[in-house]
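Shown next, in structure tokens, is the structure this report addresses.
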Amino acid sequence: MKKDFTIIAGPCSAESLEQVLSTAQELKSLVSPDFFRAGLWKPRTRPSSFEGVGEIGLEWLQKVQKDVGLNVITEVGSPYHLEKLQKYNISSFWIGARTVANPFSVQEISDNIKNTNVNVFVKNPIHPDIQLWIGAIERFLNAGIKNVYAIHRGFYPYEKTHLRNTPNWEIPIELNRRFPDIKIICDPSHIAGDTKYIGNISQKAIDLNMSGLMLESHSNPKTALSDKKQQLTPSQLKTIIDKLQFRTSNIIDDTYKNKLIELRNKIDVIDTQLIDILEHRFKLVDEIGELKKENNVTILQIERWKKIIESRIEYANPDNVSRKFLLKILQIIHKESIQRQNDIFDNSK
Ligand code: PEP
Ligand code: MN
């Protein structure tokens, strides 16, 4: 592994002394992470979910620090949490995605650690708003904190995909462009939501020159009280880390890759718009089918079809969309429309 690459690993939540210690020991012997993570106060959407063990977990983390010899890190969401961390001499914490979205909380937390020697990791806010992320980072920089890092954990999925959170890679890339000295750690566990996608996302983060990974790991994920599906066993985590390929970064290559990602992201959005528009069009086609059926009119109206072709070809700029291509697309759409109306006539729809 690359020398200055940071690995943060540990369970989503601390659940018991036994779970914390066994996970920490396994992780220490298999991958020796730079930080052992465990959430103690869990920001859950609904109050009925497991909300963390709270202060008692700090004693367990202290044990990890002393007995296992790993640095520890947990989530802080209020000055109250911070005060508890200080009581147990724990000097690294992350600000969660929900807290980052609240400038009052971030300001209060940063006011309480002015000019101290702590490590602060700032997760991106849930919504893809780079300004909020930057704002939180600036509040800690303004408080005189030298070790401020960013954590990219993905964003609210406006378009549902196989991932729990959408990576929007262009956002951390832009953060890196504006704050080249802030290291960005990727959190593939919360992006993926499922262990099967974690390897690929981790590799992508490395290809984009990120400075580390935060990975959720539990000694027995099946019994986890939160984020079960995305927690790796320590040995699965080791397998993923061993497979990662580190490349030497090269400026030209990075500029090319970033541009490519930016353009591909735009294409992804346009493709979903295309699908939405097709869906909308077919709904109208179906309505017309019903109308024709009620009025006993034939499906194929040749005059209308001729007009569609003529008017669309006239509308399109042939330098951008060739006549031949447009004709092909229109024919495919027309064929599908006729098929749908046939199904309506046959009552099979
Ligand atoms: C976490 O890391 O356990 C967590 C709650 O993450 P996030 O704030 O990114 O949802
Ligand atoms: Mn989690």
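Is it the case that some residue within region 3-13 is within 28 Å of T166 (Cα to Cα), of a type in the set (S, T, N, Q), part of a loop (DSSP other than H, G, I, E, B) and within 16 Å of ligand 1 (Cβ to nearest atom)?
Scanning region 3-13 turns up no residue that is within 28 Å of T166 (Cα to Cα), of a type in the set (S, T, N, Q), part of a loop (DSSP other than H, G, I, E, B) and within 16 Å of ligand 1 (Cβ to nearest atom).
Got at least one residue in region 64-72 being crowded, with 17+ Cβ neighbours inside 10 Å and either free of Cβ contacts under 8 Å to residues at least 24 places away in the same chain or within 15 Å of ligand 1 (Cβ to nearest atom) (or both)?
yes
Identify, by number, the condition in (1) under 17 Å from the mean Cα position of the chain (by Cα); (2) more than 16 Å from ligand 1 (Cβ to nearest atom); (3) open to solvent by less than 70 Å² (accessible area, probe 1.4 Å) that N258 doesn't meet.
Only one criterion is unmet by N258, namely (1).
Could you please find all residues in region 115-124 being crowded, with 16+ Cβ neighbours inside 10 Å and touching a Lys or Arg at 6+ places or on another chain (Cβ under 8 Å)?
Filtering region 115-124 for residues crowded, with 16+ Cβ neighbours inside 10 Å gives 118-124.
Residues satisfying the conditions are K123, N124.
Enumerate the pairs (first residue in region 33-46 and near ligand 1 (Cβ under 9 Å from one of its atoms); second residue anywhere and of a type in the set (D, E, K, R)) with beta-carbon separation below 6 Å, excluding pairs fewer than 6 apart on the same chain, so at least 6 apart or on different chains.
What qualifies is G39/E75; K42/E51; P43/R98; R44/E51.
Being assigned to a helix (DSSP H, G or I), away from ligand 2 (no atom under 16 Å from the Cβ) and open to solvent by 30 Å² or more (accessible area, probe 1.4 Å), is that true of even one residue in region 32-51?
no
Under the condition of being of a type in the set (A, V, I, L, M), within 22 Å of I277 (Cβ to Cβ) and not in a helix (DSSP H, G or I), which residue from region 288-345 is farthest from the chain's Cα centre (by Cα)?
That would be A316.
I'd like to know if region 254-261 contains one or more residues that are out of contact with any Gly (no Cβ under 8 Å at 6 or more places or on another chain) and modelled with pLDDT of 90 or more.
No, there is no match, as no residue in region 254-261 is out of contact with any Gly (no Cβ under 8 Å at 6 or more places or on another chain) and modelled with pLDDT of 90 or more.
Inside region 80-104, can you point out the residues that are more than 22 Å from N124 (Cβ to Cβ), open to solvent by 20 Å² or more (accessible area, probe 1.4 Å) and touching a residue at least 12 places away in the same chain (Cβ under 8 Å)?
Of everything in region 80-104, those that are more than 22 Å from N124 (Cβ to Cβ), open to solvent by 20 Å² or more (accessible area, probe 1.4 Å) and touching a residue at least 12 places away in the same chain (Cβ under 8 Å) turn out to be E83, K84, K87, Y88, N89, S91.
Check every one of the helices (runs of 4 or more DSSP H) wholly within region 134-213 and list those with 1 or more residues that are over 12 Å from the mean Cα position of the chain (by Cα), within 13 Å of ligand 1 (Cβ to nearest atom) and modelled with pLDDT of 95 or more.
Correct list: empty, since no element meets the threshold.
Can we say E75 is modelled with pLDDT of 95 or more and over 25 Å from the mean Cα position of the chain (by Cα)?
On the way: modelled with pLDDT of 95 or more: yes; over 25 Å from the mean Cα position of the chain (by Cα): no.
When the stated conditions are applied, E75 does not pass them.
Any chance region 130-147 includes a residue that's in contact with a Gly (Cβ under 7 Å, 6 or more places away or on another chain) and surrounded by fewer than 23 Cβ atoms within 10 Å (Cβ to Cβ)? If you could, list the steps in order and put the result at the bottom.
Going through region 130-147, the residues in contact with a Gly (Cβ under 7 Å, 6 or more places away or on another chain) turn out to be none.
No, region 130-147 contains no residue that is in contact with a Gly (Cβ under 7 Å, 6 or more places away or on another chain) and surrounded by fewer than 23 Cβ atoms within 10 Å (Cβ to Cβ).
The values are calculated or read from the model by the stated rules, or taken from the named source; none is laboratory data. Values in this document were obtained by computation on a predicted structure and should not be read as measured data. Glycine gets a Cβ as well: all are built from the backbone with ideal geometry, and neighbour counts include every protein chain shown. Ligands, DNA and RNA are stripped out before the accessible areas are found, and what is left, the full protein with its side chains, is counted by its heavy atoms. Shrake-Rupley method; radii C 1.70, N 1.55, O 1.52, S 1.80 Å.
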